[in-house]
Amino acid sequence: MEGRRTERTATTRGRAARFKSRKDRRQAVRFTANSRFRVLPGGRLRLPKIGDVEVRWSRDLPSAPSSVTVIMDPAGRYFASFVVEATPGALPGAGPVTGIDLGLTHFAVLSDGTKIASPRFLRRAEKKLRRAQRSLSRKQDGSRNRDKARVKVARAHGRVADARREFHHQLSTALIRDNQAVAVEDLCVKGLARTRLAKSVHDAGWSAFTRMLEYKARLYGREFHRIGRFVPTSQVCSACGVKDGPKPLHIRTWQCQACGMWLDRDINAAVNVAKAAGLAATARGAQVRPGPRVPAQRGEAGTHPKPRREAA
(Lines give C-alpha, C1' and ligand atoms only; values in the text may rest on other atoms or scores of the structure.)
Protein backbone atom coordinates (compact mmCIF):
# COMPACT_ATOMS: atom_id res chain seq x y z
CA MET A 1 0.00 0.00 0.00
CA GLU A 2 1.71 3.14 -1.21
CA GLY A 3 1.68 6.40 0.66
CA ARG A 4 0.59 8.44 -2.36
CA ARG A 5 -2.71 7.80 -4.04
CA THR A 6 -2.72 6.33 -7.53
CA GLU A 7 -5.13 8.35 -9.65
CA ARG A 8 -5.38 5.87 -12.54
CA THR A 9 -5.66 2.13 -12.77
CA ALA A 10 -3.56 0.02 -15.08
CA THR A 11 -4.69 -0.11 -18.69
CA THR A 12 -5.55 -3.29 -20.53
CA ARG A 13 -5.09 -3.95 -24.19
CA GLY A 14 -7.96 -2.51 -26.19
CA ARG A 15 -9.42 -0.66 -23.18
CA ALA A 16 -9.23 2.94 -22.05
CA ALA A 17 -7.92 3.87 -18.63
CA ARG A 18 -10.43 4.02 -15.77
CA PHE A 19 -10.06 6.78 -13.21
CA LYS A 20 -10.89 6.45 -9.55
CA SER A 21 -13.40 8.70 -7.85
CA ARG A 22 -12.20 12.23 -7.18
CA LYS A 23 -14.49 12.50 -4.15
CA ASP A 24 -13.16 9.47 -2.27
CA ARG A 25 -9.43 9.65 -1.60
CA ARG A 26 -9.26 6.60 0.67
CA GLN A 27 -7.06 3.60 0.06
CA ALA A 28 -7.76 0.21 1.60
CA VAL A 29 -6.23 -3.25 1.58
CA ARG A 30 -7.81 -6.34 3.15
CA PHE A 31 -5.97 -9.31 4.63
CA THR A 32 -7.87 -12.53 5.28
CA ALA A 33 -6.88 -15.47 7.46
CA ASN A 34 -5.15 -17.12 4.50
CA SER A 35 -2.67 -14.24 4.33
CA ARG A 36 -1.47 -15.17 7.85
CA PHE A 37 -1.65 -11.77 9.50
CA ARG A 38 -1.09 -11.88 13.25
CA VAL A 39 -1.76 -9.77 16.32
CA LEU A 40 1.45 -10.08 18.31
CA PRO A 41 1.49 -10.29 22.13
CA GLY A 42 3.17 -6.88 22.41
CA GLY A 43 0.26 -5.18 20.67
CA ARG A 44 1.87 -4.95 17.24
CA LEU A 45 0.15 -6.03 14.04
CA ARG A 46 2.12 -8.22 11.65
CA LEU A 47 1.03 -7.80 8.04
CA PRO A 48 2.33 -9.81 5.09
CA LYS A 49 4.84 -7.98 2.83
CA ILE A 50 4.68 -4.99 5.21
CA GLY A 51 6.04 -6.25 8.51
CA ASP A 52 5.27 -5.37 12.11
CA VAL A 53 3.20 -2.22 12.58
CA GLU A 54 2.67 -0.35 15.83
CA VAL A 55 -1.02 0.01 16.66
CA ARG A 56 -2.77 2.33 19.08
CA TRP A 57 -5.65 0.10 20.18
CA SER A 58 -9.00 1.71 20.89
CA ARG A 59 -10.33 -1.48 22.56
CA ASP A 60 -9.45 -5.11 23.14
CA LEU A 61 -10.56 -7.63 20.55
CA PRO A 62 -13.32 -9.89 21.94
CA SER A 63 -12.17 -12.86 19.84
CA ALA A 64 -9.62 -13.85 17.24
CA PRO A 65 -10.09 -11.75 14.08
CA SER A 66 -10.92 -13.45 10.79
CA SER A 67 -9.73 -10.53 8.63
CA VAL A 68 -8.29 -7.05 8.89
CA THR A 69 -8.72 -4.05 6.58
CA VAL A 70 -6.09 -1.30 6.65
CA ILE A 71 -7.52 2.04 5.52
CA MET A 72 -5.72 5.28 4.75
CA ASP A 73 -7.96 8.35 4.90
CA PRO A 74 -7.43 11.62 2.95
CA ALA A 75 -5.51 13.07 5.91
CA GLY A 76 -2.85 10.35 5.62
CA ARG A 77 -3.97 8.50 8.76
CA TYR A 78 -4.06 4.71 8.85
CA PHE A 79 -6.76 2.65 10.54
CA ALA A 80 -7.08 -1.11 11.07
CA SER A 81 -10.59 -2.56 11.05
CA PHE A 82 -10.98 -6.15 12.30
CA VAL A 83 -13.77 -8.63 11.67
CA VAL A 84 -14.49 -10.56 14.88
CA GLU A 85 -17.30 -12.61 16.35
CA ALA A 86 -19.12 -10.86 19.19
CA THR A 87 -22.40 -11.63 20.92
CA PRO A 88 -23.57 -8.46 22.69
CA GLY A 89 -26.29 -9.25 25.17
CA ALA A 90 -29.39 -7.22 25.84
CA LEU A 91 -29.07 -4.52 28.47
CA PRO A 92 -31.05 -4.88 31.69
CA GLY A 93 -34.55 -3.47 31.55
CA ALA A 94 -34.98 0.25 32.07
CA GLY A 95 -38.21 1.99 32.97
CA PRO A 96 -38.00 5.41 31.29
CA VAL A 97 -39.08 6.09 27.75
CA THR A 98 -38.21 9.28 25.96
CA GLY A 99 -39.08 11.31 22.91
CA ILE A 100 -36.35 13.34 21.22
CA ASP A 101 -36.82 16.62 19.39
CA LEU A 102 -33.75 17.47 17.28
CA GLY A 103 -32.87 21.09 16.57
CA LEU A 104 -30.10 23.59 15.93
CA THR A 105 -30.05 25.82 19.02
CA HIS A 106 -30.24 22.68 21.17
CA PHE A 107 -29.03 19.54 19.45
CA ALA A 108 -31.61 17.43 21.27
CA VAL A 109 -34.43 18.14 23.70
CA LEU A 110 -35.81 15.16 25.63
CA SER A 111 -39.37 14.66 26.75
CA ASP A 112 -38.30 14.81 30.41
CA GLY A 113 -37.19 18.43 29.92
CA THR A 114 -33.46 17.79 29.42
CA LYS A 115 -31.85 20.10 26.84
CA ILE A 116 -28.55 19.12 25.23
CA ALA A 117 -26.64 22.03 23.70
CA SER A 118 -25.38 21.82 20.14
CA PRO A 119 -21.55 21.61 20.06
CA ARG A 120 -21.32 23.23 16.57
CA PHE A 121 -17.99 21.63 15.72
CA LEU A 122 -17.86 23.04 12.18
CA ARG A 123 -18.76 26.57 13.28
CA ARG A 124 -16.02 26.57 15.91
CA ALA A 125 -13.40 25.36 13.44
CA GLU A 126 -14.43 27.66 10.59
CA LYS A 127 -11.58 30.13 11.09
CA LYS A 128 -8.90 27.44 10.98
CA LEU A 129 -10.56 25.70 8.03
CA ARG A 130 -10.83 28.97 6.10
CA ARG A 131 -7.15 29.72 6.64
CA ALA A 132 -6.07 26.23 5.53
CA GLN A 133 -8.31 26.31 2.46
CA ARG A 134 -7.03 29.75 1.48
CA SER A 135 -3.45 28.48 1.73
CA LEU A 136 -4.33 25.50 -0.47
CA SER A 137 -5.87 27.70 -3.16
CA ARG A 138 -2.59 29.63 -3.53
CA LYS A 139 -0.47 26.56 -4.27
CA GLN A 140 0.41 25.54 -7.81
CA ASP A 141 -1.37 22.51 -9.22
CA GLY A 142 0.71 19.34 -9.12
CA SER A 143 3.32 20.76 -6.75
CA ARG A 144 4.51 19.11 -3.58
CA ASN A 145 3.50 22.16 -1.53
CA ARG A 146 -0.07 21.80 -2.80
CA ASP A 147 -0.10 18.17 -1.71
CA LYS A 148 1.08 19.20 1.77
CA ALA A 149 -1.59 21.92 1.97
CA ARG A 150 -4.25 19.43 0.86
CA VAL A 151 -3.28 17.10 3.70
CA LYS A 152 -3.57 19.99 6.18
CA VAL A 153 -7.09 20.75 4.97
CA ALA A 154 -8.03 17.07 5.16
CA ARG A 155 -6.68 16.77 8.70
CA ALA A 156 -8.63 19.84 9.83
CA HIS A 157 -11.84 18.42 8.39
CA GLY A 158 -11.01 15.01 9.85
CA ARG A 159 -10.72 16.46 13.37
CA VAL A 160 -14.14 18.08 13.00
CA ALA A 161 -15.72 14.87 11.72
CA ASP A 162 -14.10 12.79 14.47
CA ALA A 163 -15.30 15.15 17.22
CA ARG A 164 -18.86 15.11 15.82
CA ARG A 165 -18.84 11.31 15.55
CA GLU A 166 -17.58 10.93 19.12
CA PHE A 167 -20.33 13.24 20.40
CA HIS A 168 -22.98 11.24 18.52
CA HIS A 169 -21.66 7.95 19.89
CA GLN A 170 -21.53 9.11 23.50
CA LEU A 171 -25.01 10.66 23.43
CA SER A 172 -26.67 7.77 21.57
CA THR A 173 -25.09 5.20 23.91
CA ALA A 174 -26.27 7.12 26.98
CA LEU A 175 -29.83 7.39 25.64
CA ILE A 176 -30.02 3.71 24.73
CA ARG A 177 -28.54 2.65 28.07
CA ASP A 178 -30.87 4.77 30.22
CA ASN A 179 -34.16 4.33 28.34
CA GLN A 180 -36.20 1.32 27.38
CA ALA A 181 -37.58 3.04 24.27
CA VAL A 182 -36.66 6.15 22.28
CA ALA A 183 -38.60 7.96 19.57
CA VAL A 184 -37.39 10.53 17.05
CA GLU A 185 -38.97 12.46 14.21
CA ASP A 186 -38.17 11.57 10.62
CA LEU A 187 -36.71 14.88 9.46
CA CYS A 188 -36.26 15.80 5.81
CA VAL A 189 -32.57 16.57 6.05
CA LYS A 190 -32.09 16.89 2.29
CA GLY A 191 -34.80 19.54 2.12
CA LEU A 192 -33.42 21.46 5.10
CA ALA A 193 -29.94 21.30 3.57
CA ARG A 194 -31.17 23.40 0.64
CA THR A 195 -32.17 26.32 2.85
CA ARG A 196 -30.12 29.13 4.36
CA LEU A 197 -29.53 26.87 7.38
CA ALA A 198 -27.68 24.30 5.27
CA LYS A 199 -24.32 24.65 7.02
CA SER A 200 -25.85 24.34 10.49
CA VAL A 201 -27.94 21.34 9.39
CA HIS A 202 -24.89 19.51 8.06
CA ASP A 203 -22.93 20.48 11.17
CA ALA A 204 -25.55 18.88 13.43
CA GLY A 205 -25.47 15.50 11.66
CA TRP A 206 -29.01 14.39 12.54
CA SER A 207 -29.07 11.47 10.10
CA ALA A 208 -25.90 9.88 11.47
CA PHE A 209 -27.17 10.30 15.04
CA THR A 210 -30.54 8.66 14.35
CA ARG A 211 -28.84 5.77 12.53
CA MET A 212 -26.68 5.20 15.63
CA LEU A 213 -29.76 5.20 17.83
CA GLU A 214 -31.48 2.70 15.56
CA TYR A 215 -28.71 0.12 15.32
CA LYS A 216 -27.77 0.40 19.01
CA ALA A 217 -31.40 -0.11 20.02
CA ARG A 218 -31.55 -3.24 17.86
CA LEU A 219 -28.19 -4.43 19.21
CA TYR A 220 -29.04 -4.04 22.89
CA GLY A 221 -32.72 -5.02 22.89
CA ARG A 222 -34.26 -1.56 23.12
CA GLU A 223 -37.21 -0.09 21.23
CA PHE A 224 -36.67 2.52 18.53
CA HIS A 225 -39.53 4.46 16.93
CA ARG A 226 -39.42 6.88 14.04
CA ILE A 227 -42.56 8.97 13.54
CA GLY A 228 -43.63 10.67 10.34
CA ARG A 229 -42.29 14.08 9.46
CA PHE A 230 -45.79 15.49 8.90
CA VAL A 231 -46.96 14.90 12.48
CA PRO A 232 -47.60 18.43 13.89
CA THR A 233 -45.53 17.95 17.04
CA SER A 234 -44.91 21.68 17.57
CA GLN A 235 -48.54 22.69 16.92
CA VAL A 236 -50.36 20.36 19.31
CA CYS A 237 -50.67 20.97 23.04
CA SER A 238 -49.18 17.99 24.85
CA ALA A 239 -51.52 18.53 27.81
CA CYS A 240 -54.95 18.57 26.17
CA GLY A 241 -54.19 17.48 22.60
CA VAL A 242 -55.66 20.53 20.86
CA LYS A 243 -53.96 21.71 17.68
CA ASP A 244 -53.16 25.40 18.09
CA GLY A 245 -51.79 26.05 14.62
CA PRO A 246 -48.30 26.81 13.25
CA LYS A 247 -46.10 29.36 14.96
CA PRO A 248 -43.01 31.32 13.83
CA LEU A 249 -39.63 29.97 14.88
CA HIS A 250 -38.91 32.95 17.16
CA ILE A 251 -41.79 31.90 19.46
CA ARG A 252 -40.17 29.50 21.93
CA THR A 253 -42.95 29.43 24.57
CA TRP A 254 -46.68 29.67 23.99
CA GLN A 255 -49.93 29.33 25.90
CA CYS A 256 -52.57 26.86 24.84
CA GLN A 257 -55.81 28.71 24.15
CA ALA A 258 -57.89 25.67 25.15
CA CYS A 259 -56.42 24.65 28.52
CA GLY A 260 -54.33 27.74 29.33
CA MET A 261 -51.09 25.84 29.97
CA TRP A 262 -47.79 27.50 29.10
CA LEU A 263 -45.62 25.21 26.99
CA ASP A 264 -41.98 25.21 25.96
CA ARG A 265 -41.89 24.71 22.20
CA ASP A 266 -39.08 22.12 22.14
CA ILE A 267 -40.15 20.14 25.22
CA ASN A 268 -43.74 20.10 24.00
CA ALA A 269 -42.56 18.73 20.65
CA ALA A 270 -40.48 16.02 22.35
CA VAL A 271 -43.48 14.93 24.43
CA ASN A 272 -45.64 14.81 21.31
CA VAL A 273 -42.97 12.72 19.54
CA ALA A 274 -43.16 10.18 22.36
CA LYS A 275 -46.97 10.19 22.29
CA ALA A 276 -47.06 9.75 18.52
CA ALA A 277 -44.86 6.67 18.92
CA GLY A 278 -47.24 5.25 21.54
CA LEU A 279 -44.88 5.83 24.47
CA ALA A 280 -47.03 8.48 26.19
CA ALA A 281 -44.22 10.16 28.12
CA THR A 282 -44.77 13.44 29.92
CA ALA A 283 -42.36 16.26 30.57
CA ARG A 284 -41.66 14.72 34.00
CA GLY A 285 -41.06 11.23 32.65
CA ALA A 286 -44.20 9.69 34.14
CA GLN A 287 -46.66 7.49 32.28
CA VAL A 288 -49.98 9.17 31.58
CA ARG A 289 -53.16 8.50 29.69
CA PRO A 290 -54.26 10.99 27.07
CA GLY A 291 -56.88 13.26 28.56
CA PRO A 292 -60.24 14.11 27.04
CA ARG A 293 -60.08 16.13 23.87
CA VAL A 294 -61.20 19.71 24.36
CA PRO A 295 -62.32 21.34 21.12
CA ALA A 296 -60.82 24.76 20.40
CA GLN A 297 -62.84 27.76 19.38
CA ARG A 298 -63.25 28.40 15.68
CA GLY A 299 -61.03 31.48 15.80
CA GLU A 300 -58.31 29.62 17.74
CA ALA A 301 -58.13 26.46 15.68
CA GLY A 302 -55.14 25.86 13.44
CA THR A 303 -57.19 24.88 10.39
CA HIS A 304 -59.00 27.40 8.26
CA PRO A 305 -62.12 25.92 6.62
CA LYS A 306 -63.11 27.17 3.22
CA PRO A 307 -65.98 29.69 3.25
CA ARG A 308 -69.30 28.29 2.19
CA ARG A 309 -70.78 29.52 -1.05
CA GLU A 310 -73.84 31.64 -0.58
CA ALA A 311 -77.02 30.20 -1.94
CA ALA A 312 -78.01 31.73 -5.22
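The values are calculated or read from the model by the stated rules, or taken from the named source; none is laboratory data. Nothing here was measured: the structure is a model prediction, and the numbers come from that model. Heavy atoms of the whole protein, side chains included, go into the accessibility calculation; ligands, DNA and RNA do not. Shrake-Rupley method; radii C 1.70, N 1.55, O 1.52, S 1.80 Å.
Taking the empirical scaling 2.2 N^0.38 Å for compact globular proteins as reference, the range 77-153 has a Cα radius of gyration ratio of 1.91. The stretch between residue 147 and residue 220 holds 21.9 nm of extra length on full extension. This uses 0.36 nm per residue minus the Cα-Cα distance. Taking all protein chains into account, the per residue accessible area for the range 131-222 stands at 59 Å² (1.4 Å probe). Divided by 2.2 N^0.38 Å, where N counts the residues, the Cα radius of gyration of the range 118-165 comes to 1.24. Fraction of C-alpha pairs exceeding 15 angstrom in the range 157-228: 57 percent, rounded to a whole number. Here is the size of the range 124-195 from its Cα atoms: Rg then Dmax, 18.4, 56 Å. Backbone geometry of the range 62-67 corresponds, through the Karplus equation with coefficients 6.51, -1.76 and 1.60 at θ = phi - 60°, to 3J(HN,Hα) couplings of x, 7, 5, x, 8, 7 Hz, x marking Gly and Pro. Give the carbon-plus-sulfur fraction of the accessible surface of the range 81-129 in %, rounded to a whole number; probe 1.4 Å, heavy atoms of protein chains only. Carbon plus sulfur share of accessible area: 54 percent. Rolling a 1.4 Å probe over the protein heavy atoms of the range 163-280, with every protein chain left in place, gives an accessible area that is 55 percent carbon and sulfur.
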